[in-house]
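**Student:** Before anything else, here's the structure in question.
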Amino acid sequence: MWTGKTKEALDNLNLAYDKNPNEVEVNNSLGLIYLGDYGIEFLDAKKALKYNQKAFDINKDRITEDVLGRNYFELGDYNSAEKHFEKLSVEHPDILPYKLNLGMIKFKLSKRKEADNLFDIVVKADSNMIYTIKAFKDEND
């Protein structure tokens, strides 16, 4: 089921993209919509990659890199996702989701020891994350 406001925003963003395809905000917003952040019915990770890569190329900030890394993860390109989340984790060591995402990527790449080390760091910082990690491992083992 299409969400009315998101569908309307998508239409407007596509018009804005046609007028200026080099605007970071438009690319970032389209990428997030197609990643399913505003409704699973919009999920099209392949389509999202075009916009997320463009947003990152224009504005190499941590937010566009995070979204690009998540896009690669969604597409199953774990090596590319790892590259981005390694960088984010080093540059922003206090942002816990970067370590969690990197742990999940390492797990998918069968780098279980590295994944478990990252998961331990995450759980030490937030003990409630153990449930998220356990659910992830159960689904991906």
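**Student:** Please compute the Kirkwood hydrodynamic radius of segment 11-126 from all pairs of different C-alpha atoms, in Å with one decimal.
**Tutor:** Numbers: mean 1/r = 0.0683 Å⁻¹.
After inverting the pairwise mean of 1/r, the radius is 14.6 Å.
**Student:** Now, a different point. For an R0 of 41 angstrom, estimate the FRET efficiency from the Cβ-Cβ distance between Asn117 and Asn20 and round to the nearest 0.05. Kindly include the intermediate steps, with their values, before the conclusion.
**Tutor:** On the way: r = 44 Å, r/R0 = 1.07.
The formula returns an efficiency of 0.40 here.
**Student:** Quick check: net charge around Asn117, other residues with Cβ under 15 Å of its Cβ, Lys/Arg +1 and Asp/Glu -1? Walk me through the intermediate numbers first.
**Tutor:** On the way: positive: Lys99, Lys106, Lys111, Arg112, Lys113, Lys124, Lys137; negative: Glu82, Glu86, Glu114, Asp116, Asp120.
Residues near Asn117 contribute +2 overall.
**Student:** Working out 0.36 nm times the residue gap between Asn79 and His92, then minus their Cα-Cα distance, what length gain in nm do you get to one decimal? Mind showing how you got there, number by number?
**Tutor:** Details: separation 13, 0.36 × 13 = 4.68 nm, distance 1.98 nm.
Here the answer is 2.7 nm.
**Student:** Quick one: Cα centre-to-centre distance for segment 47-68 and segment 97-129, in angstrom?
**Tutor:** 23 Å
**Student:** Then there is this: For the chain, what does the helix formula give at 222 nm: sum of -39500 (n - 2.57) over DSSP H segments with n ≥ 4, over the residue count, nearest 500 deg cm²/dmol?
**Tutor:** Working: 8 runs with 108 residues, N = 141.
That calculation yields -24500 deg cm²/dmol at 222 nm.
**Student:** While we're looking at this one, here's another question. Compute the semi-axes of the equivalent ellipsoid of segment 1-60, taking the square root of 5 times each eigenvalue of the Cα gyration tensor, and list them largest first in whole Å. Don't jump to the answer; show the numbers that get you there.
**Tutor:** Values: eigenvalues 70, 35, 11 Å².
Each semi-axis is √(5λ); the values are 19, 13, 8 Å.
Values in this text are rule-based calculations from the coordinates and carry no lab data. Since the model is a prediction, treat every value here as computed from it, not as a measurement. Here the Cβ is made from the backbone with ideal geometry for all residues, glycine too, and neighbour counts use every protein chain on show.
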